[in-house]
Amino acid sequence: MYNTSIFLCGCTKNSGLYIYNNLERLYEVNKLFNQGFKMCIYTNDNNDNTVLKLNEFKLKHKHFDYINETLVPGERTEVLSHGRNALLNYCKIHYNEYQYMLMVDLDDVIETFKAEHLQKLFNINEEFDALFAN
């Protein structure tokens, strides 16, 4: 367990079929940080049950929240950057005391994630300034 805190976040859209299981997998990260954990997901313009699944997850997990917006359609990259910026602002306004922020992709790649993977990275170098995917 690390004597620090983390804000875990990511964007999703129309992921109702698998989002709950992916969130369960990610929520395991809370066991690694004893000074604080918060998870927040951004979503917009869903036409499936994604928001229902996010709400179900929120009711069962006290350190979880989500942002749901209706946006004017735009390029995928623009919408994704808007969502990531919304999460950054949310973190700065509400949870600025977290030492680390982890932004994850919530597509099918996350299905292989285990909290131990993140733990291995921290064991290699607890002093890093940034960690990027890919």
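The values are calculated or read from the model by the stated rules, or taken from the named source; none is laboratory data. On a predicted model such as this, the values are computed, not experimentally measured, just so you know. Reconstructed Cβ throughout: ideal geometry from the backbone, glycine too, with neighbour counts over all protein chains shown. When the accessible area is computed, the model is the full protein with side chains, heavy atoms only, and any ligands, DNA or RNA have been set aside. Shrake-Rupley method; radii C 1.70, N 1.55, O 1.52, S 1.80 Å.
Here r is the Cβ-Cβ distance between Glu28 and Asn68 and R0 is 30 Å; the resulting FRET efficiency, rounded to 0.05, is 0.80.
Element breakdown for the chain at a 1.4 angstrom probe: carbon and sulfur atoms account for 48% of the accessible area. Only Cα pairs under 8 Å and 6+ residues apart enter the sum, and on that basis the relative contact order of the chain stands at 37 percent. Excluding same-chain neighbours fewer than eight residues apart, the aspartates and glutamates reachable from Lys60 by a Cα-Cα span under 19 Å are Glu24, Glu28.
Report the extension gain between Thr4 and Asn47 in nm, rounded to one decimal, defined as 0.36 nm multiplied by the number of residues separating them, less their alpha carbon distance. Length difference between fully extended and current span is 11.7 nm.
Using R0 = 35 Å, the C-beta based FRET efficiency linking Tyr100 and Asn55 works out to 0.85.
One chain, two ends: Asp107 and Glu78. Fully extended at 0.36 nm per residue, the span grows by 8.7 nm beyond their Cα-Cα distance.
Backbone amide hydrogens, once placed in the peptide plane, bring Cys9 within less than 5 Å of Cys40, Leu102, Met103, Val104, excluding anything fewer than 5 places away on its chain. Averaged over residues, the count of other Cβ atoms within 10 Å places the peptides 88-95, 5-12, 62-69, 16-23 in the sequence 5-12, 16-23, 62-69, 88-95, highest first. Cross-link reach is defined here as a Cα-Cα straight distance under 25 Å, omitting same-chain residues fewer than 8 places apart; for Lys58 the lysines meeting it are Lys13, Lys31, Lys38, Lys92, Lys114. The residues of the chain have, on average, 62 Å² of accessible surface per residue, using a 1.4 Å probe with all protein chains present. Cα extents for the chain along the principal axes, largest to smallest and rounded to whole angstrom: 41, 29, 26. Build a GNM of the chain with springs between Cα atoms under 10 Å apart, and of Leu54, Leu71, Leu106 the one that fluctuates most is Leu71.
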